[in-house]
């Protein structure tokens, strides 16, 4: 069982490993993106901030998206399965506000499935009309101005739904070969450390954009170092067992790798005694329950997914209107109550990268 502080340190260590792994991209492109598209606090004229939403599937927007993932304490991930990426820019200042990344849903998320009333074989078809949020947030100095609330609101916008339909309608899922009808009715995410202030009480007019439906059971693999996974993979390959990763091979690669190892190693070793655990499941128990949030995109989700209604009755959430609402409800009041954003300097990002990458690369990060 891990405390939240230890779990944060584990995340930071994993993030640092990813920065080192992607050092070539960071040195050649990430630094320039920070210099050109990240803001210093003193640069902002708050009343002129104007959010604009872009897809980030390729080109410069994708590079901005990728760079942003190396700014936060959570480790970088590219998502899996069906994926959509978005960047919200401040059109007036030409700076990045935040990013949003979606990917295929985890099928076994109990709190969400219970809220939807999904059981057994009906889960897969229904959940193919949902996605999980694998990254969402704002970067400084916009994060100090409640830019994270804007990004949460962005997730439910008409533009996100429409981008999904354009990209995936008429295609089939890789693993099960199911037809994708292009409807996206729900997004789901989990908090990083227990309860989340980011998703708490995010409203558009009189309706909550998202809300909690429960907690996970505190299972996960992010507390296990990458070096251990490398050794596990080599051990299994020596036994003639290959656990495939990548698109089309299913989600939760590290879970599948751990489970394959435990099953194989248990044939010759008393793992419970060696690892000092009561059950082998305790190996992946970090003990930090994560809060599960749902983002409904339609008012009749349950009726639609259970076949009672033929079509989803979507909420009408134009990005421009939600951005204006955020501007009035969150941004302007926050800018006068908290002036921490004024002190932010983007150079802090470069300095942290230099420290992580070490003296051998600092010359390239100047």
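Since every read-out is calculated from the coordinates, none of them should be taken as a lab result. Model, not experiment: these values are computed from the prediction. Here the Cβ is made from the backbone with ideal geometry for all residues, glycine too, and neighbour counts use every protein chain on show.
Observations on the model:
- Residue separation of residue 355 and residue 212 scaled by 0.36 nm, minus their Cα-Cα distance, works out to 47.7 nm of gained length.
- Listing 34, 52 from fewest to most neighbouring C-beta atoms within 10 Å gives 52, 34.
- Using a Förster distance of 25 Å, the FRET efficiency for residue 77-residue 338 (Cβ separation, nearest 0.05): 0.25
- Stokes-Einstein D for segment 314-361, Kirkwood Rh over Cα pairs, 20 °C, 1.002 mPa s (µm²/s): 151
- Relative exposure of 301, 49, judged by other C-beta atoms within 10 Å (fewest first): 301, 49
- Put in line by how crowded their Cβ is, counting other Cβ atoms within 10 Å and starting with the fewest, 153, 61, 131 read 61, 153, 131.
- In plain terms, the chain from residue 125 to residue 266 could stretch by 47.3 nm, reckoned as 0.36 nm per residue minus the Cα-Cα distance.
- For segment 114-216, a/c is not less than 1.5, where a ≥ b ≥ c are the root eigenvalues of the C-alpha gyration tensor, and a/b tops b/c. That puts it in the prolate class.
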